[in-house]
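So the structure is just underneath, and the comments pick up after that.
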Amino acid sequence: MADPSPLATARAQLATAIEILGYDDGMHAMLATPRREMHVAVPLRRDDGHVEIRHGYRVQHNISRGPGKGGLRYAANVDLDEVRALAMWMTWKCAVVELPYGGAKGGVALDPSRYSPGELERITRRYTSEIMPMIGPERDIMAPDVGTNEQTMAWVMDTYSVNRGYTIPAVTTGKPLSVGGSLGRATATSRGVVHMAAATLADAGVDLREVSAAVQGFGKVGSHLARFLAEAGTRVVAVSDEHGGVMAPDGLDVPAVLAHVQHTGTVVGFPGGEPIDNTALLGLDVDLLVPAAVEGVLDEETAANVKARWVVEAANGPTTTAGDRVLAERGVVVVPDILANAGGVVVSYFEWVQANEAYWWTEPEIEERLAQRMHRSYATVAQYARAEGVSLRDAALVIGVRRVAEAHRTRGLYP
Ligand code: NAD
């Protein structure tokens, strides 16, 4: 059986793009290998006084088109290979939506639900100070990902700034508005996913109002996107989180689910629906399936049960290589992560531009520029896919990989 790890998936995707593009082994190796990696031991004094060590990582996969850009993840199973995969996907994503960035990612292996706010602040500050030589507004810019949020980004920004002696808001994005965040950033990934769902449905002459959807993951991305889909008239029949899911064939009252989650911390037990587990959710008889949680959930087995006509990947790497093949054989249209969830990094870029200029835009300006860039990127990818007879994933990868390779060739090889 093929290795379903995120890094194996990311490497296999790159190999496919290299083959289509006909690049040689040297270029393949350049694009497959992370430029810089840091593994740091992060000591943390727990609230009860004892000290433990957590392991942290920062990987800059490629910086040929600009500074590294990518999220910071806190999860128990974070390891170097996962961070490498996520950093590689960031490289192609930034290139697909034409941002002047390379790809990076960071992570600390810890389950944030087991730590107090004070402990999370201390570990964030110590991790930031350990990776300080790698990051900076012109080197590598962080954003929230699984298990981190805008408060985390404020601590990173503050730690970096205090050590430099002045305030440097552009070192992170996804910050609170009070310290240089951008309007529209908190919902940007979800908005972008909904733009991409609307665009791919429109190619088939279908409107969001006519379809049903299931969303896996109800965190920063999944919760907003379930709400936006419902607002667009989509019947959202199921949502889930790591504890389980809820479904209602006639459609969930999404604002009521959000209120339930605010109260209890999980979608489980929502009184307006029936329980459903995460695997069953993937196989529901819906039109649109949106994985918005973690990697590798659509593998050979689960993909074989997918009944949706469209899968829009809000999560990074939710589909393994084998899962992808099965979905293609079944005629399912997959809008790949590096395009579908790029709205977050697009508005992160807007936040970085605003911070560098110290001039902030209005929300309508941000929403309009986000929509334009997402639809333009979709059109480029969809046109390539049609012209070359390849999947949207292969089209997006080829476009992203080719732009990065062009930067390498144009810059030349030093010395
Ligand atoms: P989050 O931590 O806010 O939420 C994650 C959600 O997934 C939670 O509801 C959690 O309970 C659920 N979950 C975790 N493990 C699960 C499992 N095994 N099965 C089902 N649900 C599970 O994270 P997020 O920021 O919403 O990120 C979600 C996905 O979107 C990740 O793949 C992330 O890399 C990707 N992404 C996030 C952003 C962003 O701006 N936050 C941007 C691009 C891509």
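The values are calculated or read from the model by the stated rules, or taken from the named source; none is laboratory data. Fair warning: this is a prediction, and the values are worked out from it, not measured in the lab. Cβ atoms come from the backbone with ideal geometry, glycine included; neighbour counts cover every protein chain shown. Note: accessible area is taken over every heavy atom of the protein model, side chains too, but ligands, DNA and RNA are not part of it. Shrake-Rupley method; radii C 1.70, N 1.55, O 1.52, S 1.80 Å.
Tabulated values for the structure
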{"quantity": "Answer from T167, T152 - the residue that is over 24 Å from S377 (Cβ atoms) and in a loop (DSSP other than H, G, I, E, B)", "calculated": "T167"}
{"quantity": "Within region 29-62, tally of residues that are within 24 Å of the chain's Cα centre (by Cα) and either within 25 Å of D394 (Cβ to Cβ) or not aromatic (F, W, Y) (or both)", "calculated": "19"}
{"quantity": "Filtered residue count, region 233-245, keeping only those that are within 9 Å of the ligand (Cβ to nearest atom) and of a type in the set (G, A, S)", "calculated": "3"}
{"quantity": "Answer residue from region 248-262, given it is in contact with a Ser or Thr (Cβ under 9 Å, 6 or more places away or on another chain) and in contact (Cβ under 8 Å) with a residue 24 or more places away in the chain and is farthest from the ligand (Cβ to nearest atom) among those", "calculated": "G251"}
{"quantity": "Residue in region 289-309 that is surrounded by fewer than 24 Cβ atoms within 10 Å (Cβ to Cβ), among the small types (G, A, S), within 14 Å of the ligand (Cβ to nearest atom) and within 30 Å of L177 (Cβ to Cβ) present", "calculated": "yes"}
{"quantity": "Residue under evaluation R325, criteria (1) more than 11 Å from the ligand (Cβ to nearest atom); (2) buried (at least 24 other Cβ atoms within 10 Å of the Cβ); (3) not polar (S, T, N, Q), criterion not met", "calculated": "(2)"}
{"quantity": "Residue ranges of strands (runs of 3 or more DSSP E) in region 4-90 with at least 3 members open to solvent by 50 Å² or more (accessible area, probe 1.4 Å) and within 11 Å of A104 (Cα to Cα)", "calculated": "none"}
{"quantity": "Total residues in region 238-275, condition among the β-branched types (V, I, T) and open to solvent by 20 Å² or more (accessible area, probe 1.4 Å)", "calculated": "4"}
{"quantity": "Per-region count, region 279-288, residues over 23 Å from L208 (Cα atoms) and either surrounded by 20 or more Cβ atoms within 10 Å (Cβ to Cβ) or touching an Asp or Glu at 6+ places or on another chain (Cβ under 7 Å) (or both)", "calculated": "0"}
{"quantity": "Options A197, A186; residue that is within 16 Å of the ligand (Cβ to nearest atom) and not in a loop (DSSP other than H, G, I, E, B)", "calculated": "A197"}
{"quantity": "Cross-chain or 6+ apart pairs with Cβ under 6 Å, region 216-232 first and within 7 Å of the ligand (Cβ to nearest atom), then part of a strand (DSSP E or B) and open to solvent by less than 20 Å² (accessible area, probe 1.4 Å)", "calculated": "Q216/S240; Q216/P291; F218/V239; G222/V215"}
{"quantity": "Answer residue from region 173-203, given it is surrounded by 20 or more Cβ atoms within 10 Å (Cβ to Cβ) and within 15 Å of D158 (Cβ to Cβ) and is farthest from the chain's Cα centre (by Cα) among those", "calculated": "G180"}
{"quantity": "Matching residues, region 263-282, being outside any strand (DSSP E or B) and more than 13 Å from the ligand (Cβ to nearest atom)", "calculated": "H263, G269, F270, P271, G272, G273"}
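Here is a yes/no grid of residues against (1) of a type in the set (G, A, S); (2) in the same structural domain as R227 (by TED's automatic domain parsing); (3) over 16 Å from Y349 (Cβ atoms):
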| position | (1), (2), (3) |
| --- | --- |
| M153 | no, no, no |
| S161 | yes, no, yes |
| G165 | yes, no, yes |
| S182 | yes, no, no |
| M196 | no, yes, yes |
